[in-house]
1. Would you mind classifying the stretch 217-328 by shape? Square roots of the alpha carbon gyration tensor eigenvalues, ordered a ≥ b ≥ c; an a/c under 1.5 is rounded, otherwise it is prolate if a/b is larger than b/c and oblate if not.
2. Would you work out the charge dipole size for the chain about its Cα centre, treating the Cβ of every Lys and Arg as +1 and the Cβ of every Asp and Glu as -1, and quote it to the nearest 20 debye?
3. Compute for the stretch 298-369: radius of gyration divided by Kirkwood radius, i.e. Rg/Rh, restricted to C-alpha atoms, rounded to two decimals.
4. Which order results if 459, 412 are arranged by neighbouring Cβ count within 10 Å, fewest first?
5. Identify, among 158, 273, 383, the residue whose Cα sits farthest towards the positive end of the charge dipole of the chain, taking +1 on the Cβ of Lys and Arg and -1 on the Cβ of Asp and Glu, with the dipole about the Cα centre.
6. Over the stretch 125-242, consider all pairs of different Cα atoms and compute the Kirkwood hydrodynamic radius from their mean reciprocal separation; express it in Å, one decimal.
7. What is the magnitude of the charge dipole of the stretch 338-399 about its Cα centre, with +1 placed on the Cβ of each Lys and Arg, -1 on the Cβ of each Asp and Glu, and no other charges, expressed in debye to the nearest 20?
8. Add -39500 (n - 2.57) for each DSSP H run of 4 or more in the chain, then divide by its residues: what number comes out at 222 nm, to the nearest 500 deg cm²/dmol?
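Derivation of every value follows stated rules applied to the coordinates shown; laboratory data play no part. Keep in mind it's a predicted model, so treat the numbers as computed, not measured. Heads up, the Cβs are rebuilt from the backbone with ideal geometry, glycines too, and the neighbour counts pull from every protein chain shown.
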Amino acid sequence: MKRIILLIMGIVGLTSFSHAQQQGYQNPVIPGFYPDPSVCRVGDDFYLVNSSFCYFPGVPIFHSKDLVNWEQIGNCLTRESQVNLANTNCWAGIYAPTIRYDDGTFYMITTNVSNRGNFLVHTTDPRGEWSEPVWIKQGGIDPSLYFENGKCYLVSNPNAGISLCEINPKTGEQLNESKTIWNGTGGRHPEGPHIYKKDGWYYLLISEGGTEYGHKVTIARSNTINGPYESNPANPILTHIDKNAQNNPIQGTGHADLVRAADDSWWMVCLAFRPQTGFHHLLGRETFLAPVRWDKNAWPVVNGNGTIELQMNVPTLPQQPFAKKPTRTEFKVGRLGYEWIYLRNPKKENYSFTSKALRLKATPADLNGTDTPTFVGRRQQHIDFTAGTSVELQKGEAGDKAGLTVYMETHSHYDLFVKQNNKGEQVLVLCYQLGELKHIEKEIVLPKKKIQLQVKGNSEVYSFGYSADGKNFQEIGRMNTRYLSTETAGGFTGVILGMFATSGSASSKAFADFDYFDYREE
């Protein structure tokens, strides 16, 4: 009996050891347009936020137990009183947020570059609603908070460098004058500052070089929070601009945040992008993870050599994956998940649910301007994917349309939709808007009934198809991916796969019912 107990204990011990020494994960840990990650730990739980720019709700928030597997638990900015995105384009809106926890309260601080600047919101429950904005005097972008001994310090970049001041986080009152504490190593756009304390040193982590191929992460330290800060002789601590990473499938590494796990290991989350056609990328800047070696009284070393890989063969925390989401979103449940977003603040009266569909009211606001169109979408998260929906346009007149869009920004999107022509016929249209160029690629007259629309993506092309029975799809045309890339279209966002409805006049009674939305990685 004793030997059996010892054997069982040995098996349990080996299993626990294997679990604790779990190896490897795949980058990015949050794929798709989830840039500027910031992370904090509370007990055994990690919370992470991202930028959202012109999309609403603002600042998605994720939860994890292991830093590898993440689940979106909400959005920090869910009310128009918190985030005004009127006439905001893909260069503006909500910039890099920071999330921190102190004495029972979560704080998220960010910048609305389109409206009033820096502000923070707070909550005791990150899965619930967050407070109204607390506005901050110190300007710049990418504000971050550091708490110590009952004090709250703010860093941002109101000038050419990083500035520090003390604030009251409940009121936003600035308690002393702003002081520049570091200008970086000479790279352009020093931004994304975060302060940490380790072994008696204050460390200031920033990003430089712009959020393109020249992006890099640098660090400095001081024995007082006010400085002066000494630059790490080995800067940058993370970059893919050098020869050793010139062929890496990950590029533009930067805008990072550090977190210490309960087992005393250190980790870095950062943004980067994955070029998919030449030097072009379409998914936006994504969230990546790297281990950090941080010896006592030493500088941090990221993944051994200051680069990261798609396949990270390193020990991790015991992994606790979440259940996979279904490939089909059924709108008959009467609500949208946290991953669904609108262009700017939505007009709620234009969205409703029937017993089996999402109903979008057609309005004159279209995808080509900075008004608020009837549009809802989700991020493209994989280079190879298939997405689709079923649409039925009702009470349509000439000029009314509804369908599927592959949307990068106001002047860069591919659209597949049904519309009414002057003869009262239903026409399927594939068209594009690329800068000043707008062109109808193909038109097909179809029976007046529900139509299934589909788009398949790979590194080089988007192929569009349709079906009248939901089973047999016919390709209607192909579009080159690079014309929607960030390098071509510009902006700070990534491709959104969306459903929309527009009308030719304000008096239109048209609406469109969408039964479902499919999305799967191929």
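1. Here the stretch 217-328 falls in the oblate category.
2. Computed about the Cα centre, the dipole is about 940 debye.
3. For the stretch 298-369, the value is 1.22.
4. Details: 459 15, 412 23.
Taking fewest neighbouring Cβ atoms as first place, the list is 459, 412.
5. 383
6. Values: mean 1/r = 0.0665 Å⁻¹.
For the stretch 125-242, the Kirkwood estimate is 15.0 Å.
7. So the magnitude is around 240 debye.
8. Result for the chain, helices only: -1500 deg cm²/dmol.
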